[in-house]
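A.B. asks: Before anything else, here's the structure in question.
Read-outs throughout are calculated quantities, based only on the coordinates presented, and are distinct from any laboratory measurement. A quick note: this is a predicted structure, and the numbers were derived from the prediction, not measured. Quick reminder, even Gly has a Cβ in these numbers, built from the backbone with ideal geometry, and neighbours come from all protein chains shown.
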Amino acid sequence: MNGMIPARLAMALTAAIFFAASAHATAIVEEGAYVRDPRKKELAGFMKNRELTVDHVTREGYEVYGPRGLRDWLDLIGVEYYVEARDDDTAAYPSPEAVAKRLQDLHAAYPSITKLMNLGKSALGRELLIMKISDNPEVDEPEPEVKYISSMHGDEITGRELMMSLIEDLVKGYGKDERIAELVDNTEIFIMPSMNPDGSFARQRANANGADLNRDFPDFSTDDNQNTPENRQPETQALMRFQAARHFALSANFHGGAEVVNYPWDTTPELHPQDALVKGLSLAYASKVPYMRDSSEFPGGITNGYAWYEVNGGMQDWSSFWYGDLQVTIELSGAKWPDYGAIPRFYRDNKDALLEYLEAVHQGAGFRVAGKPGASGRVEIVRLVDGQSLGTFGFSGSEFYKVLDPGRYRFIVEPNGGDERSLDVEVEASRIFANGNYVTF
Ligand SMILES: [Zn+2]
């Protein structure tokens, strides 16, 4: 590859670097192109280039994103690319304001099992809304916490619509459907249909600052390895502060542009300490979705993240590494912005998998610190059968819960300002619903 960068691009790059006061560099994705490159001649060079972001690598090629001027630069270096043709189906989709209104209406209609929370504002000032669904939604009960977040890439819209349908089915099914009632009564479910409403409004990947939110999180394998929200995008900061205040144990992050469940790590070839578990959860999801299960590109409809292509600064690895909150990335549809009429079929195909993944949070164990509502500290989790440490995680708000494979574990708890405690717990494969599997000390 010729290394010459046009002046316009170079200026944008300097601005991006200037804004990053820490080791964190914002990935600017103002312009994108699809590079057909079945022999992957250019891929390694693009991946190494810190000004570029590569996504959705397939046999045929991949997407590449960068600052404005990217396509001129590709022309200059002689790389052939395509720009995705867009139909006129943007107008068929609800606006971010209509999505917010529908969330408010659903909360108003079902106030006893929902709480609509605003995590902060997007770059353009739109509210970042997340719906909590649980019995006693105003109370933080000792129940496992699970979350779904969609459309941090604004032009990947399928997940936003599926999340809205799921919320509607959960609130309307409560009191009618036994499976849903059991789930809602014993779980704290959080669903955020739109992490990047500005991007969805403009039908673009980036937020309104041109930043790729799924390259904006701290990454333990790079020099941006401090779990601090400063100098990140407003949407990222809102998510990070919310996560720090909760006790999530399982989550999924919905995207589009492929059809596969992607499990950690994205950032390193090392296996995740709970590799068998994250792979099993992914396979369970994909096996329930006909078009994923029958994938010709990904056996079983799943892939290890790094084995597919490396991602630095993604939400998935951040969540798992710092909080023990296992997160997979679910690519829901090959078309990022399908015909609106196709959405009900995508929902039908995914509904059972979505419910089962929420239920999976119940295979685990946790603890509560009695009488000290604000207790925080650290906890190391050791698998007793082989003494393997699964990592050390922070906890706050006197609560911690971890999704685990069946077996026996030791939680070595170091509360801030308190004595170390050792708790042995047993996790069974069968679901334990009532009040989770919590030890109180
Ligand atoms: Zn995406």
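A.B. asks: Which length gain, in nm to one decimal place, applies between Asp339 and Asp294 when the Cα-Cα distance is subtracted from 0.36 nm times their residue separation?
C.D. replies: Once the chain is fully extended between Asp339 and Asp294, it gains 14.0 nm.
A.B. asks: Out of the GluC sites (Glu not before Pro) in region 189-286, which ones are loop residues according to DSSP with at most 16 other C-beta atoms within 10 Å?
C.D. replies: Answer in residue order: Glu230, Glu270.
A.B. asks: Shifting gears a bit: Could you check which residue among Ala123, Ala25, Ala92 shows the biggest mean-square fluctuation in a GNM of the chain with a 10 Å Cα cutoff?
C.D. replies: Ala92
A.B. asks: For a quick check: sort Asp169, Asp87 by the number of other beta carbons within 10 angstrom, fewest at the front.
C.D. replies: Going from sparsest to densest Cβ surroundings: Asp87, Asp169.
A.B. asks: Glu178 to Val139: extension gain in nm, 0.36 nm per residue of separation minus the Cα-Cα distance?
C.D. replies: Answer, rounded to one decimal: 11.8 nm.
A.B. asks: Using label points projected 7 Å from each Cα along Cα→Cβ, tell me how many nm separate Glu84 and Gln104, to one decimal.
C.D. replies: 3.0 nm
A.B. asks: Going by alpha carbons, how many degrees (0 to 90, nearest 10) lie between the helix axis of 275-287 and the longest principal axis of the chain?
C.D. replies: It works out to around 70 degrees.
A.B. asks: Highest first, please rank the peptides 332-341, 311-320, 134-143 by the mean number of other Cβ atoms sitting within 10 Å of their residues.
C.D. replies: For the peptides 332-341, 311-320, 134-143, the packing ranking is 311-320, 332-341, 134-143.
A.B. asks: On a 0 to 90 degree scale, rounded to 10, what angle separates helix 343-359 from the longest Cα axis of the chain?
C.D. replies: Between helix and principal axis, roughly 40 degrees.
A.B. asks: For the residues Leu390, Leu358, what sequence is obtained by ranking on other C-beta atoms within 10 Å, fewest first?
C.D. replies: The fewest-first ordering by Cβ neighbours comes to Leu390, Leu358.
A.B. asks: Let me ask another. Which of Leu116, Leu128 comes first, and how do the rest follow, when ranked by fewest Cβ neighbours within 10 Å?
C.D. replies: Leu116, Leu128
A.B. asks: Any chance you could run the full-extension gain for Phe441 through Asn118? It's 0.36 nm times the residue separation minus the Cα-Cα distance, nm to one decimal.
C.D. replies: Result: 113.0 nm gained on full extension.
A.B. asks: List the pairs from Lys279/Lys402; Lys41/Lys336; Lys132/Lys351; Lys132/Lys279; Lys115/Lys147 whose alpha-carbon separation is above 20 Å, in the order I gave them.
C.D. replies: Lys41/Lys336; Lys132/Lys279
A.B. asks: Still on this structure: In region 66-161, which trypsin sites (Lys or Arg not before Pro) are in a loop and have at most 15 other Cβ atoms within 10 Å, using DSSP for the loop call?
C.D. replies: Arg68, Arg86
A.B. asks: May I pose another question? I'd like the FRET efficiency for Glu97 and Arg68, computed as 1/(1 + (r/R0)^6) with the beta carbon distance as r and R0 of 30 Å, rounded to 0.05.
C.D. replies: 0.65
A.B. asks: Can you compute the modelled spin-label distance between Thr222 and Lys48, with each label point 7 Å from Cα toward Cβ, in nm?
C.D. replies: 1.7 nm
A.B. asks: Give the angle, between 0 and 90 degrees and rounded to the nearest 10, that separates the Cα long axis of helix 96-109 from the longest principal axis of the Cα atoms of the chain.
C.D. replies: So the inclination is approximately 20 degrees.
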